[in-house]
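Student: Before I ask anything, here is the structure I am working with.
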Amino acid sequence: MYFGNRDVLRGGQRYAELRSAYPGADIVGCSATGSITNDTIDDHGIVAVALGFARTPIRVAHHQVTQQSESRAAGESVGAALVSDDLAGVFVFADGLRVDGSSLVAGLSAIIGEGPLVVGGMASDPREYAEALVGANCAPCSGMVAAIGFYGNAIRMGHGHANGWDAFGPRRRITRSSGNVLYDLDGKPAIELYQRYLGDEIGSSISWDGVRLPLTISPPEHPEQVLVRAPLAVDDGPASMTFAGHMPEGWIARLMRGNADRLILGAGDAARLARIDGAGDSRGDRLGFIVSCAGRQQLMGQRTEEELEIAGIELGSDVKRIGFYSYGEIGPIAHAARSELHNETMIIASLMEAEI
């Protein structure tokens, strides 16, 4: 499993080197704004981990997307290739620019159900928003969805997620939306809310201000099931805002704000939830798989490594960590069995094989 700089991965030479080193392995990975190894972030190279199991079969599936409308079908296709009564968990990666992550996860979950743990993330690039790459036993390319299925009762998987953002201001109902495009909150243009806080001239790209002021959304009947949504762009005609995930009509939305200290503490919360306690003896090393949002990295700047350090402390010194900074994080939603696409969130999955 590998993650790395898009320009270094492009062309397939690095994949060929991994294939030469591990000719019989399944090799899956993606491009990233930054790659994670323990407490270190690498923006320019590639990181990889070799995983071997004694009693845990794995299976790799992939699907090529040519247009974003195929995203749900891609999730269903990958789910159909992996579904089994003994499926314990899935790691999934997808092009974060050409694949609709919300629809992808919905399609995958519709096939495999709510039993297996589904975690992963959307491949990213060096914040150019131009091309992201994913590979599944092939040189990484754009438009790809890849997933790894883990099977049997020897595998142990823990998970946690947290964001560290604080909601403020009144709750507003999403009264008009389409997919990830938001038009109205409480019957008024959503753009007016952001103009109130960011000024009248917020422009067509609000990526930096959007990082500072995402929205929290939740179904009205389950306010505890919170998702974070980061705004990407605005359109003056008709007045609308595009977010990095679906904005369902009828859901409740609130503005959020955060600072580096709160986000770092949130990373510790995610790691604490992901710890595998009382799982018996491990046959080998334990792995911590981390997916954090590129927006968090942008907001925290030079303090970004602190969220990795606190995650390492909470997971334990015996847990090796690998992961990447993404354009969307995939994992369970709070107080629910299903997984969803998250923004501005840290997702952690811990992995071990038990002695049985």
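The values are calculated or read from the model by the stated rules, or taken from the named source; none is laboratory data. What you are looking at is a predicted structure, and each value in this text was computed from that prediction instead of being measured. All Cβ positions, even for glycine, are placed from backbone atoms using ideal geometry, and neighbour counts span all protein chains on display.
Student: Within the stretch 74-83, does at least one residue satisfy the condition of being in a loop (DSSP other than H, G, I, E, B) and either of a type in the set (Gly, Ala, Ser) or crowded, with 20+ Cβ neighbours inside 10 Å (or both)? Give the steps one after another, and end with the answer.
Tutor: Step one: filter the stretch 74-83 for residues in a loop (DSSP other than H, G, I, E, B), giving 83.
Now narrow it down to the ones that are either of a type in the set (Gly, Ala, Ser) or crowded, with 20+ Cβ neighbours inside 10 Å (or both): none.
No: the stretch 74-83 contains no residue that is in a loop (DSSP other than H, G, I, E, B) and either of a type in the set (Gly, Ala, Ser) or crowded, with 20+ Cβ neighbours inside 10 Å (or both).
Student: In the stretch 1-72, which strands (runs of 3 or more DSSP E) lie fully inside it and hold 3 or more residues that are in contact with a Lys or Arg (Cβ under 6 Å, 6 or more places away or on another chain) and farther than 30 Å from Arg303 by Cβ? If you could, list the steps in order and put the result at the bottom.
Tutor: Values: elements: 2-4, 28-31, 34-37, 40-42, 46-48, 58-64.
Where strands (runs of 3 or more DSSP E) fall fully within the stretch 1-72, none carries at least 3 residues being in contact with a Lys or Arg (Cβ under 6 Å, 6 or more places away or on another chain) and farther than 30 Å from Arg303 by Cβ.
Student: Could you tell me whether any residue of the stretch 163-183 is buried (at least 24 other Cβ atoms within 10 Å of the Cβ), aliphatic (A, V, I, L, M) and at pLDDT 95 or above?
Tutor: Yes, some residue in the stretch 163-183 is buried (at least 24 other Cβ atoms within 10 Å of the Cβ), aliphatic (A, V, I, L, M) and at pLDDT 95 or above.
Student: Here's something else I'd like to know. Does the stretch 276-305 hold any residues that are in a helix (DSSP H, G or I) and either within 19 Å of the chain's Cα centre (by Cα) or outside the structural domain of Asn38 (by TED's automatic domain parsing) (or both), and which are they? Explain how you work it out, then say what you get.
Tutor: Initially, the stretch 276-305 is screened for residues in a helix (DSSP H, G or I), giving 294-305.
Of everything in the stretch 276-305, those that are in a helix (DSSP H, G or I) and either within 19 Å of the chain's Cα centre (by Cα) or outside the structural domain of Asn38 (by TED's automatic domain parsing) (or both) turn out to be Ala294, Gly295, Arg296, Gln297, Gln298, Leu299, Met300, Thr304, Glu305.
Student: Which residue out of Ile310, Ile322 is under 25 Å from Leu97 (Cα atoms) and in contact with a Leu (Cβ under 8 Å, 6 or more places away or on another chain)?
Tutor: Numbers: Ile310 fails: under 25 Å from Leu97 (Cα atoms).
Every option except Ile322 fails the conditions.
Student: Assess whether Val47 counts as being of a type in the set (Val, Ile, Thr), within 20 Å of the chain's Cα centre (by Cα) and over 30 Å from Gly179 (Cβ atoms). It would help to see each step written out before you state the result.
Tutor: Numbers: of a type in the set (Val, Ile, Thr): yes; within 20 Å of the chain's Cα centre (by Cα): yes; over 30 Å from Gly179 (Cβ atoms): yes.
For Val47, the condition - of a type in the set (Val, Ile, Thr), within 20 Å of the chain's Cα centre (by Cα) and over 30 Å from Gly179 (Cβ atoms) - is met.
Student: Determine, yes or no, whether Ala54 is of a type in the set (A, V, I, L, M, F, W, C) and out of contact with any strand residue (DSSP E or B) (no Cβ under 9 Å at 6 or more places or on another chain). Working first, answer last.
Tutor: Working: of a type in the set (A, V, I, L, M, F, W, C): yes; out of contact with any strand residue (DSSP E or B) (no Cβ under 9 Å at 6 or more places or on another chain): no.
It is false that Ala54 is of a type in the set (A, V, I, L, M, F, W, C) and out of contact with any strand residue (DSSP E or B) (no Cβ under 9 Å at 6 or more places or on another chain).
Student: Quick check on the stretch 88-121: of everything there that is over 14 Å from the mean Cα position of the chain (by Cα) and among the charged types (D, E, K, R), which residue is surrounded by the fewest Cβ atoms within 10 Å (Cβ to Cβ)?
Tutor: For the stretch 88-121, the residue satisfying everything is Glu114.
Student: Hey, could you check the stretch 109-130 for residues that are hydroxyl-bearing (Ser, Thr, Tyr) and in contact with a strand residue (DSSP E or B) (Cβ under 7 Å, 6 or more places away or on another chain) and say which is nearest to Val60 (Cα to Cα)? Let's see the steps before the verdict.
Tutor: We begin by selecting, within the stretch 109-130, every residue hydroxyl-bearing (Ser, Thr, Tyr); these are 109, 124, 129.
When the remaining residues are screened for being in contact with a strand residue (DSSP E or B) (Cβ under 7 Å, 6 or more places away or on another chain), the result is 109, 124.
On the way: Ser109: 16, Ser124: 21 Å.
By that ranking, first place goes to Ser109.
Student: Given the condition assigned to a loop (DSSP other than H, G, I, E, B), assigned by TED's automatic domain parsing to the domain that holds Arg275, touching a residue at least 24 places away in the same chain (Cβ under 8 Å) and surrounded by fewer than 18 Cβ atoms within 10 Å (Cβ to Cβ), answer yes or no: does some residue in the stretch 313-330 qualify? Quick ask: steps written out before the conclusion?
Tutor: Keep residues of the stretch 313-330 that are assigned to a loop (DSSP other than H, G, I, E, B), which gives 316-318, 327-328.
Retained after the next criterion (residues that are assigned by TED's automatic domain parsing to the domain that holds Arg275): 316-318, 327-328.
Next, only the ones that are touching a residue at least 24 places away in the same chain (Cβ under 8 Å) stay: 316, 318, 327-328.
Still in the running and surrounded by fewer than 18 Cβ atoms within 10 Å (Cβ to Cβ): 316, 318.
Among the residues of the stretch 313-330, at least one is assigned to a loop (DSSP other than H, G, I, E, B), assigned by TED's automatic domain parsing to the domain that holds Arg275, touching a residue at least 24 places away in the same chain (Cβ under 8 Å) and surrounded by fewer than 18 Cβ atoms within 10 Å (Cβ to Cβ), which makes the answer yes.
Student: Any residue in the stretch 64-72 that is farther than 30 Å from Glu307 by Cβ, crowded, with 21+ Cβ neighbours inside 10 Å and not polar (S, T, N, Q)? Spell out the reasoning first.
Tutor: Initial filter on the stretch 64-72 (farther than 30 Å from Glu307 by Cβ): 64-70, 72.
Going one step further and asking which of them are crowded, with 21+ Cβ neighbours inside 10 Å, we end up with 65, 70.
Imposing the further condition that a residue be not polar (S, T, N, Q) reduces the set to 65, 70.
Yes, the conditions are met somewhere in the stretch 64-72.
Student: Out of all the residues in the stretch 144-174, which are part of a loop (DSSP other than H, G, I, E, B) and aliphatic (A, V, I, L, M)? Quick ask: steps written out before the conclusion?
Tutor: Initially, the stretch 144-174 is screened for residues part of a loop (DSSP other than H, G, I, E, B), giving 152-154, 163-165.
The answer is Ala154, and nothing else.
Student: Tell me the residue from Ser77, Ser84 that is at pLDDT 95 or above, under 29 Å from Met247 (Cα atoms) and among the polar types (S, T, N, Q), please.
Tutor: Values: Ser84 fails: under 29 Å from Met247 (Cα atoms).
Result: Ser77 is the single residue among Ser77, Ser84 that is at pLDDT 95 or above, under 29 Å from Met247 (Cα atoms) and among the polar types (S, T, N, Q).
Student: If Gly187 passes every condition in (1) touching a strand residue (DSSP E or B) at 6+ places or on another chain (Cβ under 9 Å); (2) modelled with pLDDT of 95 or more; (3) within 16 Å of Arg6 (Cβ to Cβ) but one, which one does it miss?
Tutor: Condition not satisfied by Gly187: (3).
Student: Within the stretch 14-26, track down each residue that is in contact (Cβ under 8 Å) with a residue 60 or more places away in the chain and surrounded by fewer than 20 Cβ atoms within 10 Å (Cβ to Cβ).
Tutor: Taking the stretch 14-26 first, the residues in contact (Cβ under 8 Å) with a residue 60 or more places away in the chain are 15-16, 26.
Scanning the stretch 14-26 gives Ala16, Asp26.
Student: Another one. So, Ile174, is that one in contact (Cβ under 8 Å) with a residue 60 or more places away in the chain and in contact with a strand residue (DSSP E or B) (Cβ under 6 Å, 6 or more places away or on another chain) or not?
Tutor: Details: in contact (Cβ under 8 Å) with a residue 60 or more places away in the chain: yes; in contact with a strand residue (DSSP E or B) (Cβ under 6 Å, 6 or more places away or on another chain): yes.
So Ile174 passes the test.
Student: Another question about this same structure. Among the residues of the stretch 342-350, is there at least one that is surrounded by fewer than 24 Cβ atoms within 10 Å (Cβ to Cβ) and of a type outside the set (Gly, Ala, Ser)?
Tutor: Looking through the stretch 342-350, none of the residues is surrounded by fewer than 24 Cβ atoms within 10 Å (Cβ to Cβ) and of a type outside the set (Gly, Ala, Ser).
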